[in-house]
Amino acid sequence: MGLGNLKQLTPFIKEAFQQTLLVSKFLCGLHVTNNYICTFALTQGPSMLPTFNLTGDLVLAERLSTRFEKTQRGDVVLVRSPENPRKIVIKRLIGMGGDTVRYVVDHGSNDKELTVVVPDGHVWIEGDNKFNTNDSRKFGPVPYGLVQGRVFWTVWPPEAFGSVGREVR
């Protein structure tokens, strides 16, 4: 390869490097946005009926309120499952550390109620569909560190497009 050929390739190499740098910056920005600012999540299953559809809604969750511990009772949150750490679940935040929570153990049989005091640094989460959900009534209080974000907007389906409100019970 002669010096003339190298001079012909230099603009191409420079352009390839600049494009690679641009793509790298974009991917870094996407990573930071997804992990520290906001993320999309897909809801599936019956546990959050009627708030979300059985077939699945695409929702937007912000991560700042959880990082700065600004979540509140009634917020819909993304939580890393305490039973399966590879799975993220969407539930409603019912109680914070120090709160007393009363819940029905089994809606079908005798409606027996139990009372739990949520330990500091933990939250109590429940699905909106009390008859078909796997939540704190089964696995107990969840460490606050497993809360990944607060769901604030439904993106899809179009008829459900809009904000996800806080529901205090």
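Taking chymotrypsin sites (Phe, Trp or Tyr not before Pro) that fall in a DSSP loop and have at most 15 other Cβ atoms within 10 Å as cut points, what is the longest piece of the chain between them? Walk me through the numbers on the way to the answer.
Details: sites that count: F68, F131, F161.
With chymotrypsin sites (Phe, Trp or Tyr not before Pro) excluded where exposed in loops, the chain gives 1-67 as its longest stretch.
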With every protein chain in place, the accessible area of D99 for a 1.4 Å probe, in Å² rounded to the nearest 10, comes to 30 Å²
Once you mark the GluC sites (Glu not before Pro) that are in a DSSP loop and have at most 15 other Cβ atoms within 10 Å, what is the longest gap between them in the chain? 84-166
Shape descriptors of segment 73-169 over alpha-carbon atoms, Rg and Dmax in angstrom, are 13.8, 40
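Can you give the relative contact order of the chain as a percent, counting alpha carbon pairs under 8 Å and 6+ residues apart?
Across the chain, relative contact order equals 23 percent.
For a quick check of your reading of the filter: which trypsin sites (Lys or Arg not before Pro) in segment 46-140 sit in a DSSP loop and have no more than 12 other Cβ atoms within 10 Å?
Details: sites: R63, R67, K70, R73, R80, R86, K87, K91, R92, R102, K112, K130, R137, K138; in loops: R63, K70, R73, R86, K87, K112, K130.
Those that pass, being in a loop and sparsely packed, are K70, R86, K87, K112.
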Alpha-carbon centroids, segment 31-64 and segment 134-169: separation in whole Å: 8 Å
Expressed as a rounded percentage, what relative contact order does segment 1-97 have, with Cα pairs under 8 Å and six or more residues apart? 18 percent
Round to the nearest 10 and report in Å² the accessible area of L42, as given by a 1.4 Å probe over the protein chains' heavy atoms. 110 Å²
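I'd like the carbon and sulfur percentage of the solvent accessible area for the chain, probe radius 1.4 Å, heavy atoms only, ligands and nucleic acids excluded.
Numbers: 6240 of 10590 Å².
C and S fraction of accessible area: 59 percent.
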Reported to the nearest 10 Å², T33 has, with a 1.4 Å probe, an accessible area equal to 60 Å²
Cα Rg over Rh - segment 31-122, Kirkwood: 1.00
Under 20 Å from the Cα of K70, which lysines turn up, not counting those fewer than eight places away in the same chain? K91
If you roll a 1.4 Å probe over the heavy atoms of the protein chains, what accessible area per residue do you get for segment 1-86, in Å²? 70 Å²
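Kirkwood hydrodynamic radius (Cα pairs, Å) of segment 8-78?
Values: mean 1/r = 0.0648 Å⁻¹.
Every distinct Cα pair counted, the radius reaches 15.4 Å.
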Kirkwood-based shape ratio for the chain, expressed as Rg/Rh from alpha carbons: 1.24
Taking K14 as the anchor, which lysines have their alpha carbon closer than 28 Å to its alpha carbon, excluding any fewer than eight residues away along the same chain? K25
What percent do you get for the relative contact order of segment 49-91 when only Cα pairs under 8 Å and 6+ apart count? 25 percent
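The values are calculated or read from the model by the stated rules, or taken from the named source; none is laboratory data. Here the structure is a predicted model, which is why all the values come from computation and not from measurement. Please note: Cβ atoms are built from the backbone with ideal geometry, for glycine as well, and neighbour counts cover all protein chains shown. Please note that ligands, DNA and RNA were not included when accessible areas were found on the heavy atoms of the full protein model with its side chains. Shrake-Rupley method; radii C 1.70, N 1.55, O 1.52, S 1.80 Å.
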